[in-house]
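Report on one structure; see the data block that follows.
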Amino acid sequence: MNRFAYYPGCSLHATAREYDESIRAVAGALGLELSEIDDWCCCGATPAHAIDAESAHVLGDWNLARATANGAGPLLTGCASCYSRLRAAGDELRAHPAAAPAAAQRVGGRIDPDLEVLHVAQLLARPAVREAVAAKVTRPLGGLKIACYYGCLLTRPRGEHAFDDAENPTLLEDLVRLAGGEPVAWPLRLDCCGASLALPEPAIVHDLSGKLLAMAHARGAQAMMVACPLCHANLDMTQPAIAREKKFDFALPVLYVTQVIGLALGIDPRTLGLHRHIVPVKVDALIPAREAKHV
Amino acid sequence: MSRIGVFVCHCGENIGRTVDCAAVSEAAGRLPGVVHSVDYKYMCSDPGQNMVRAAIRDLKLDGVVVAACSPAMHEPTFRRATAGEGLNPFRCEMVNVREQCSWVHEDREAATAKATDLVRMMVEKVKHNEDLFPIQVPLTRRALVVGGGIAGIQAALDMANAGIPVVMVEKEPSIGGHMSQLSETFPTLDCSQCILTPRMVEVAQHPLITLHTFSEVEKVEGYIGNFRVTIRKKARSVDMAKCTGCGVCQQKCPQKKIPSEFDAGLGNRSAIYIPFPQAVPNKPVIDRERCTHFKTGKCGVCAKVCGPGAVDFEQQDEFVVENVGAAVLATGYKLYDIGNPDAGLRGYPEYGGGQIKDVIDGLQFERLASASGPTGGEIRRPSDGKIPQTVVFLQCIGSRDPARGISYCSKICCMYTAKHALLYKHKVHEGKAVVFYMDVRAPGKGYDEFVRRAVEEDEALYLRGKVSRLYEDNGQIVVSGVDTLAGIPMEIRADMVVLATAIRAQDGAARLAQKFGVGYDGHAFYSEAHPKLRPVESAAAGVMLAGVCQGPKDIPEAVAQASAAAAKVAVLFSREMLEREPVVARVDETTCAGCFACQQVCPYGAVEVNEVRDRQGRLLRRTARVNAGVCNGCGTCVATCPSKSLELAGYTDEQIFAQIGALIP
């Protein structure tokens with residue numbers, strides 16, 4: 001089972017291009033085939049279900065139907081919000097099987113209610129993929145101290161097929177170890193970054209994300225790892241403004257999970273899109289060269 | 001020809017609303033062998049019972065069928081009435097047309113037809129009923145108490161004071177249980193040790209109480225009135241007869257950094273130790289896991305300094321057999337360990353998983369607040385001994401959360417948390433006490449008043465909400481939670497956090513229950529025989545329950561239950577012989593092939609091996625035999641027996657087939 005229907009979501013075609021690039025690069029290195037689904041639309045993110053539950057379901061169903069039509073396999077996404085919404089749509093369909101025909105009619109296509117929705121990090125943590133990664137690590141991260149950040153949506157919805165324990169997930173930390181890094185024990189892994197308030201209420205994001213950055217830095221992190229384009233935007237893109245406002249004397253590179261794994265697999269940093277970050281990622285400084293020689 | 005009377009009860013409207021009782025009675029009256037059939041509004045009432053008695057007397061009935069509620073409810077009532085007229089009570093049977101008919105059906109016509117069928121079946125059965133006589137079982141007037149906490153102590157003292165010899169088994173080196181660890185007790189704030197230790201001494205000195213501490217129940221054989229209990233007396237490594245309890249050994253023991261169980265890990269003890277100064281017996285025990293002598297063969301300081309030469313490194317576990325007629329289980333509880341949960345529970349890693357020193361549980365707070373505790377009663381936090389200026393108390397940790405595996409309420413935490421907040425404020429006047437709660441449950445005499453006192457007089461800040469995370473930051477603990485009444489997220493920097501962790505059944509509770517044949521729930525709390533009407537008896541005859549082993553409860557409730565259990569034992573022992581229902585299995589030894597399949601399936605161990613011998617005493621064969629004193633009449637053996645050599649009195653094949661036959665048109 002190495003083929004996946006791929007749903008990038010809006011961000012990965014825009015502000016989070018480097019996430020898309022790194023997902024494709026890592027998938028390629030591991031021999032995983034991604035088939036981007038045709039005619040996908042917005043997952044609805046937070047606004048849809050906050051305003052109208054029905055619309056949120058329709059958006060989710062639309063994409064599940066396109067993924068069913070694609071037929072490559074489980075539906076893979078890199079965005080925590082897309083992941084959460086697509087799974088919520090699937091849960092809803094399974095909870096109300098009687099409503100399934102109407103839902104299918106509304107979105108113009110059959111929906112496989114058992115279609116598995118996977119987050120990229122979840123896929124990387126699967127035993128077979130893990131083993132493949134372990135076998136192909138050529139540039140272990142040399143104990144690089146990484147603060148894993150889950151945010152709110154990655155571990156939700158809970159219940160069947162959940163990403164990980166919602167209160168105490170360890171999946172990202174395991175991936176950091178797999179890449180030869182050292183996960184930092186820090187308490188705010190599950191706190192909110194401010195999400196989409198970056199536009200209407202930037203001060204809130206500055207406070208919330210500022211707190212995350214300060215705590216990760218205080219606990220010795222050299223970098224942060226995320227699995228969500230919006231978290232990344234708040235922590236990376238907004239970081240210079242936050243740093244000015246909060247008078248930080250540090251800059252914390254923020255990497256996507258696939259960039260961390262990609263580096264360990266020896267993929268060229270440019271291919272992983274690391275040059276696109278606002279806070280510069282100085283790979284050679286972060287991963288001492290002598291570590292690379294051991295390989 | 002039989003002379004059967006049928007009595008159909010309306011149960012007020014309970015049956016009459018759905019079943020046409022007059023029609024049922026009329027149909028029954030036409031059955032062959034039925035000489036009398038009536039219906040009545042309340043058959044269980046005095047006039048109703050008199051109708052039954054008058055009919056038996058005047059019409060010379062030889063069988064009685066009462067169509068009414070469940071036999072669990074009123075079978076004893078009608079059998080008593082039957083016996084009152086000189087008819088064998090086992091010739092009276094009940095048909096359940098309430099729980100099994102009127103309550104579960106709506107269609108009056110169909111329900112009436114079903115009730116008529118049920119009555120017809122029972123009439124056919126009763127025609128085959130025979131006289132049965134209660135089984136007489138001798139009994140040993142001596143009781144076992146398992147557990148030496150407050151519940152066990154109360155039960156033992158009540159029984160002993162009623163003249164019943166008691167054997168008490170306690171697994172720890174001292175009796176006293178958790179109550180001995182408590183500081184002051186709600187809602188009156190009496191000192192726990194001051195009210196408990198005199199009772200502990202009374203147990204030790206009572207001429208009718210035999211005390212086995214540092215001991216566990218190894219094996220239980222026998223049945224009500226006649227239990228044979230094997231007790232393992234664990235090797236104390238100290239000769240109790242020689243030891244004077246002077247305490248020099250524990251002073252001189254070089255191993256002094258062992259976390260004290262009595263101080264809930266907040267204080268230290270030595271390897272040879274008396275758990276606490278008021279321990280009963282006040283004699284030490286060697287912790288062989290930690291003793292240098294047992295680990296390396298060296299040291300032996302305690303033996304050298306012991307004047308009477310009581311230290312005995314060679315001592316072995318000893319087994320004692322005690323014969324008793326009844327037992328009271330009072331094994332108590334343990335607290336949910338957030339860092340080391342077992343039984344599939346997930347713990348609270350988001351609260352530091354037991355790694356944050358200043359996040360403690362309720363028993364640890366008790367030790368901090370106790371005059372006999374490691375801080376002499378001053379509230380000082382474990383990490384650095386500082387007096388905490390802000391203490392946050394979290395209720396319902398582990399409890400009332402089905403997602404975490406425990407759905408029940410631990411019942412005592414609302415009260416002890418209020419007490420903790422209040423004690424803290426009494427000791428640290430300028431301190432701030434914050435309580436996160438789900439609901440405050442304080443239904444007890446003076447209980448709600450006590451909580452209000454903590455809130456109003458001692459100004460504990462009660463916030464309704466849960467805490468999502470605790471983490472250390474700059475020597476403090478950040479408490480992130482939510483105040484759901486104000487609707488705002490809360491972040492409090494605390495110096496110490498006290499968790500009201502869930503009450504759980506004691507380790508080994510399930511194993512002990514299995515030894516006694518006592519039922520237990522999914523959390524290993526022991527099951528009472530009836531939740532309302534038999535709350536202190538277990539379903540295993542002769543085994544009573546007291547205290548938290550049956551479910552979370554506070555001290556007065558545990559004591560009340562213990563006294564009730566003692567009274568139940570006293571009732572049991574008030575008779576010369578025990579009478580048991582004769583509904584037991586019996587073996588036809590002429591056809592039994594001796595395969596002992598029945599012995600394999602019997603849940604009560606009632607099947608024994610019977611040796612058939614000729615006149616010269618030569619063994620001819622072995623057959624099964626049912627010990628009527630042990631048999632509970634479940635019928636499993638009857639269904640299993642391949643040669644159909646077993647039958648259950650009162651439920652013979654003949655009777656069952658007669659019932660089935662009545663159903664076939």
(request) Rounded to whole Hz and in sequence order, give me ³J(HN,Hα) for segment B:192-202 from the Karplus expression 6.51 cos²θ - 1.76 cosθ + 1.60, θ = phi - 60°, writing x for Gly and Pro. (result) 4, 5, 5, 8, 8, 4, x, 5, 4, 5, 4
(message) Skipping prolines and chain starts, which residues have an amide H placed within reach, meaning under 5 Å, of the one on B:ARG142, given they are 5 or more residues away or on another chain?
(response) B:GLY325, B:ALA326
(request) Would you work out the charge dipole size for segment B:413-525 about its Cα centre, treating the Cβ of every Lys and Arg as +1 and the Cβ of every Asp and Glu as -1, and quote it to the nearest 20 debye? (result) 460
(request) Given a cut-off of 24 Å, name the pairs among B:LYS125/B:LYS568; B:LYS60/B:LYS644; B:LYS256/B:LYS298 whose C-alpha atoms lie farther apart than that in the structure shown. (result) B:LYS125/B:LYS568; B:LYS60/B:LYS644
(message) Students often forget the sequence filter, so: which lysines lie under 22 Å Cα-Cα from B:LYS386 once same-chain residues fewer than 8 apart are removed?
(response) B:LYS257, B:LYS357, B:LYS419, B:LYS425, B:LYS427, B:LYS432
(message) For B:MET544, B:MET168, B:MET577, which order do you get if you count the other beta carbons within 10 Å of each Cβ and list the fewest first?
(response) B:MET577, B:MET168, B:MET544
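With an 8 Å Cα cut-off and a minimum separation of 6 or more residues, compute the relative contact order for chain A in percent. Mind showing how you got there, number by number?
Working: 524 pairs, mean separation 61.2, N = 295.
Result for chain A is 21 percent.
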(message) Give the separation of the Cα centroids, segment B:319-381 to segment B:545-590, in Å.
(response) 29
(request) In whole angstrom, note down how far apart the Cα centers of segment B:609-665 and segment B:382-453 are. (result) 58
(request) For segment B:375-488, calculate the relative contact order in percent as a whole number, restricting contacts to Cα pairs under 8 Å that are 6 or more residues apart. (result) 21
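Of all DSSP beta bridges in chain B, what percent run antiparallel (nearest 5)? Let's see the in-between values first.
Details: 56 of 104 bridges.
Roughly 55 percent of the beta bridges in chain B run antiparallel, per DSSP.
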(request) Please arrange B:ARG108, B:ARG120 by counting, for each residue, the other beta carbons lying within 10 Å of its beta carbon, fewest first. (result) B:ARG108, B:ARG120
(message) Can you work out the Karplus-derived ³J(HN,Hα) for every residue in segment B:84-92? Use 6.51 cos²θ - 1.76 cosθ + 1.60 with θ = phi - 60°, whole Hz, and x for glycine or proline.
(response) x, 9, x, 8, 4, x, 7, 9, 9
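Among B:TYR447, B:TYR351, which comes first, then next, by fewest other beta-carbon atoms within 10 Å? If you can, show how the numbers build up before the last one.
On the way: B:TYR447 18, B:TYR351 26.
Least to most surrounded, the residues fall as B:TYR447, B:TYR351.
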(request) Between beta-carbons, use under 9 Å as the cut-off and find the net charge around B:GLN476, counting Lys and Arg +1, Asp and Glu -1. (result) -3
(request) Please get the size of the charge dipole for segment B:4-126, origin at its Cα centre, with Cβ charges of +1 on Lys and Arg and -1 on Asp and Glu, quoted in debye to the nearest 20. (result) 340
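Could you grab the relative contact order for segment A:138-293? Cα pairs under 8 Å, six or more apart, rounded to a whole percent.
Values: 243 pairs, mean separation 45.8, N = 156.
Relative contact order here is 29 percent.
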(request) Using the Cα centre as the reference, give the magnitude of the dipole from point charges on the C-beta atoms of chain B (Lys, Arg: +1; Asp, Glu: -1; all else neutral), rounded to the nearest 20 debye. (result) 1480
(request) Taking H placed 1.01 Å from N in the peptide plane, check which residues at least 5 places from B:VAL435 or on another chain put their amide H under 5 Å from its amide H. (result) B:PHE393, B:LEU461, B:TYR462, B:LEU463
(message) What aspartates and glutamates does A:LYS247 reach when the alpha-carbon gap must be under 18 Å and sequence neighbours fewer than 8 apart in one chain are set aside?
(response) A:ASP207, A:ASP236
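Quick one: what do you get for the protein assembly as shown if you divide its Cα Rg by 2.2 N^0.38 Å? Numbers along the way, then the final one.
Working: Rg = 36.3 Å, N = 960, 2.2 N^0.38 = 29.9 Å.
Compared with the compact-globule rule of thumb, the protein assembly as shown sits at 1.21.
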(request) Please compute the net charge surrounding B:GLY247, taking Lys and Arg as +1 and Asp and Glu as -1 over other residues with Cβ under 14 Å from its Cβ. (result) +4
(request) For B:LYS219, go through the aspartates and glutamates and keep the ones whose alpha-carbon is under 13 Å away, minus same-chain ones fewer than eight residues off. (result) B:GLU322
(message) Among B:ASN14, B:SER25, B:VAL104, which residue has its Cα furthest toward the positive end of the charge dipole of segment B:4-126, with +1 on Lys/Arg Cβ and -1 on Asp/Glu Cβ?
(response) B:SER25
(request) Would you tally the net charge around A:LEU30, using a Cβ to Cβ cut-off of less than 14 Å, leaving A:LEU30 out, and scoring K and R as +1, D and E as -1? (result) +3
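FYI, it's all coordinate maths here, none of it is from the lab. Owing to the predicted nature of the structure, the values given are computational and were not obtained by experimental measurement. No Cβ is skipped: glycine too gets one built from the backbone with ideal geometry, and neighbour counts run over all protein chains shown.
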